[in-house]
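Trainee: I am attaching a structure below and will ask some questions about it afterwards.
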Amino acid sequence: MSVAHALAMPARRARDAARSGRITLAILLLFAASQVLSGVLRWALGSVGLAALVYLPALLLWLEVARIGLGRIVSGRLSMSALWLCLALVLAMLVGLLSLPAKQVVFGTWILAPVLFGHAATGGLDLSSRGIRIVAFLAMAVAACGVIGNAYLDYPWVGANFELGGKDIAGSREWHIGEQRRLAGFARSSFDCAGQIAVFAVIVNASMRHRLLRGLVWALAIVAIDYTTSRGVLLALLAAMAVIEAPAALRRVAAAGALGVGLMLITVPPLLAWTGDYSQIARLQMKAVYGSYLDRMSAMWPGALDLLAGSPMPVLGRGLGGIGAAQTLFEPDAFNAADNMLVYQFVTLGALALPIIAVFVIGALRHAFADGDTARTRFGLYLVVIWYGSVGNIVEHPILAMTYGLLLHAAFEAIKPRPSHPRGTTP
């Protein structure tokens, strides 16, 4: 190898890395836009016979995950966290195939694209950078204006369905709580829209210095989420907002308190549901504002445990596709939404979920007491995922799922052992 060629290699690697980063960012932005406008896109593409194109952004995520993964394998840079996740998912696929139709397992695997992309491709993403925050603000404004406008306008895509592969696929869901409509705006569902707004609002505000502008962003986000009637997301956003807005002297105390309450909410109620009978209470209180929560405790979470117990290998879960959206297409009579991040992962992965959950919690703890805009942004997102994860499975909410993957990567990085240096030397 000539000297000139050797000197040119670092520059070529830098150009390749920059080009790779631009490709990843373009796919990320395309996917985010497709989710913010998912209801509109499904209606428009379905009406012209191009419904299959709604899955193109998710396909691009899978292709990018494969490109990044193969590149790291060839270069010998595949991380232990990526290797562990790959092995866990392969094993979960095999477990699923023991008792579920192959198509159901494939669908359950397909759903994981945002999580895997978030873990593989967003590690170098600076969430506190000006460019990312501008994009997040624009996305939040579109989502918020869409749902507020939905309160006064009847959108043609709301309630529209289309057929794909012999299955009836929902475009934008139309549903109610009692007589109150759950508004989805431009998105596919009210809770997807609410989750998007919460994530984008935290990214915008966690490192913003101007207090008045922060207040306006919080106000817009809260009003819009209130229109969706997604109370779980609203509480999650309020928890993140409380920590971000806490005075510097009290921020660590606020962070510890919010994280502690969030972890309690995500763990204790399912454990109570698995060890007690709340059916009588649920029948008496079903019309109360917390009636849907009692329904989870009396029926959904005990039902999820029954699904796990009926698996050929309960210690390894029910496998990919064993709970959630995949059941609606292939196992509708046994459908269970899980509506809790930990319940969803335990039923899917069994004991394999334990190290993933443990690493995620440790990552949240590390970021709770870290300084800097990036750490503050990530911790705000940890709170959104954990608090809403107490009443939502997260994995099947695309923007929240990608956020979960990003935070899981950050958590694995946070627990890596730091290189030691001999006494008297500097790094």
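Trainee: Shape call for the chain from the C-alpha gyration tensor, a ≥ b ≥ c root eigenvalues: rounded (a/c under 1.5), prolate (a/b greater than b/c) or oblate? Kindly include the intermediate steps, with their values, before the conclusion.
Mentor: On the way: a/c = 1.32, a/b = 1.25, b/c = 1.05.
In terms of gyration-tensor shape, rounded.
Trainee: Starting with the highest mean, order 101-110, 141-150, 344-353 by the number of other Cβ atoms within 10 Å, averaged over the residues of each peptide. Don't skip to the end; give the middle numbers.
Mentor: Numbers: 101-110: 18.7, 141-150: 21.4, 344-353: 22.9.
So the peptides 101-110, 141-150, 344-353, ranked by packing, come out 344-353, 141-150, 101-110.
Trainee: For the range 195-205, just list the computed ³J(HN,Hα) in residue order, Karplus coefficients 6.51, -1.76 and 1.60, θ = phi - 60°, integers in Hz, with x standing in for Gly and Pro.
Mentor: With the stated coefficients, the range 195-205 comes to x, 4, 4, 5, 4, 5, 5, 5, 4, 5, 8 Hz.
Trainee: Quick one: among Val315, Val48, Val233, which has the greatest mean-square fluctuation in a GNM of the chain with alpha-carbon springs under 10 angstrom?
Mentor: Greatest mean-square fluctuation among the candidates belongs to Val48.
Trainee: In what sequence, highest mean first, do 316-326, 70-80, 238-248 appear when ranked by Cβ atoms within 10 angstrom?
Mentor: On the way: 316-326: 25.9, 70-80: 11.3, 238-248: 18.1.
Order by mean packing, descending: 316-326, 238-248, 70-80.
Trainee: Any chance you could check the Cα centroid distance between the range 74-109 and the range 241-257 for me, in angstrom?
Mentor: One Cα centre to the other: 38 Å.
Trainee: Now, a different point. What length, rounded to one decimal in nm, is gained on full extension from Arg19 through to Leu87, with 0.36 nm per residue of separation minus their alpha-carbon distance? Could the numbers behind the result be given before it?
Mentor: Numbers: separation 68, 0.36 × 68 = 24.48 nm, distance 2.93 nm.
The span from Arg19 to Leu87 would gain 21.5 nm if fully extended.
Trainee: Also, I was wondering about something else. Fully extended, how many nm does the chain gain between Leu53 and Glu413 (0.36 nm per residue separation, minus their Cα-Cα distance)? Intermediate values should be presented prior to the final figure.
Mentor: Numbers: separation 360, 0.36 × 360 = 129.60 nm, distance 3.52 nm.
Gain on extension, Leu53 to Glu413, equals 126.1 nm.
Trainee: Quick one: Kirkwood hydrodynamic radius for the range 16-150, alpha-carbon pairs, angstrom, one decimal? Write out the running numbers ahead of the final one.
Mentor: Details: mean 1/r = 0.0585 Å⁻¹.
It is 17.1 Å.
Trainee: Another question, if that's okay. What ³J(HN,Hα) values, in whole Hz, does the Karplus curve 6.51 cos²θ - 1.76 cosθ + 1.60 give for the range 355-372 when θ = phi - 60°, with x put for Gly and Pro?
Mentor: x, 5, 5, 4, 5, 4, 5, 4, x, 4, 5, 4, 6, 4, 10, 8, 9, x
Trainee: Follow-up. Could the peptides 209-218, 333-342, 21-30 be put in order, highest first, of the mean number of other beta-carbon atoms found within 10 Å of their residues? Show your work: numbers first, answer last.
Mentor: On the way: 209-218: 13.1, 333-342: 19.5, 21-30: 15.3.
Per-residue Cβ counts within 10 Å, averaged per peptide and sorted highest first, yield 333-342, 21-30, 209-218.
Trainee: Per the Debye formula with a single identical scatterer at each Cα and no solvent contribution, what log10 I(q)/I(0) holds for the range 273-412 at q = 0.10, 0.17, 0.21 Å⁻¹?
Mentor: Relative scattering, expressed as log10 I(q)/I(0), comes to -0.38, -0.97, -1.24.
Trainee: Residue separation times 0.36 nm, minus the C-alpha to C-alpha distance between Val261 and Cys145: what's the value? Working shown, then result.
Mentor: Values: separation 116, 0.36 × 116 = 41.76 nm, distance 3.13 nm.
Extra length available between Val261 and Cys145 comes to 38.6 nm.
Trainee: Through the Karplus equation 6.51 cos²θ - 1.76 cosθ + 1.60, θ set to phi - 60°, convert the phi angles of the range 249-260 into ³J(HN,Hα) values in whole Hz; use x for Gly and Pro.
Mentor: Values per residue, Gly and Pro as x: 5, 10, 4, 5, 5, 4, 5, 5, x, 5, 5, x Hz.
Trainee: For the range 373-415, what value does the Rg/Rh ratio take when both radii are computed over Cα atoms and Rh is the Kirkwood radius, given to two decimals? Please list the in-between numbers first.
Mentor: Values: Rg = 10.2 Å, Rh = 10.5 Å.
My calculation of the ratio gives 0.97.
Trainee: With labels modelled as points extended 7 Å from the Cα through the Cβ direction, what inter-label distance (nm, one decimal) is found for Lys103 paired with Asp371?
Mentor: 5.8
Values quoted throughout were computed directly from the atomic coordinates according to the rules given, and no laboratory measurement underlies them. For clarity, every value in this text was computed on a predicted model and none was experimentally measured. Positions of Cβ are generated from backbone atoms using ideal geometry, with glycine treated the same way; all protein chains shown enter the neighbour counts.
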